[in-house]
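The values are calculated or read from the model by the stated rules, or taken from the named source; none is laboratory data. This one's a predicted model, so the numbers in the text were calculated from it and none came from an experiment. For neighbour counting, all protein chains shown are included, and Cβ atoms are generated from backbone atoms with ideal geometry for every residue, glycine included.
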Amino acid sequence: MLSVWPNLFDFQIIAPVILRLALGGSLLALYFPARRSLRGLFGILTGILIVIGLSTQPASLAVALLLTEESWHKRHNRATLLPLLAIALALLLLGPGLFAFDWPL
């Protein structure tokens with residue numbers, strides 16, 4: 001594959017870590033004000049799981065379903081939810097990456 005910087009392909013295992021930190025931090029910021037509801041607690045729990053890299057793919061699937069439901073019922077701005085949904089689906093397909101507890105064998 002042709003690339004401008006082919007040496008950066010050596011660091012492709014780090015890309016899911018960046019996605020995990022972005023998605024987990026955004027989920028914590030998005031659901032922390034609603035922490036007294038079941039939806040808020042679920043968002044915070046999945047955000048923590050994604051940040052530490054524990055059960056990343058099942059948590060990403062749960063986040064994708066949660067964000068789809070949030071977007072369907074228009075609880076938050078879709079411009080905020082759709083990029084987070086794309087990151088959750090990317091993590092579902094890519095896996096946890098480096099510095100995770102559920103490292104693929």
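Things to note:
- Within the option set Ser71, Ser60, being free of Cβ contacts under 8 Å to residues at least 40 places away in the same chain, touching a helix residue (DSSP H, G or I) at 6+ places or on another chain (Cβ under 6 Å), among the small types (Gly, Ala, Ser) and closer than 22 Å to Ile13 by Cα holds for one residue only, Ser60.
- Residue list for the stretch 14-43, filter: free of Cβ contacts under 8 Å to residues at least 24 places away in the same chain and surrounded by 14 or more Cβ atoms within 10 Å (Cβ to Cβ): Leu28, Tyr31, Ala34, Gly40, Gly43
- Matching helices (runs of 4 or more DSSP H) fully within the stretch 1-88 where at least 1 residues are acidic (Asp, Glu): 56-72
- Residue match in the stretch 37-58 (condition: under 20 Å from Leu19 (Cβ atoms), among the charged types (D, E, K, R) and out of contact with any strand residue (DSSP E or B) (no Cβ under 7 Å at 6 or more places or on another chain)): no
- Residue check, Thr46 crowded, with 18+ Cβ neighbours inside 10 Å, polar (S, T, N, Q), under 19 Å from Asp102 (Cβ atoms) and at pLDDT below 95: no
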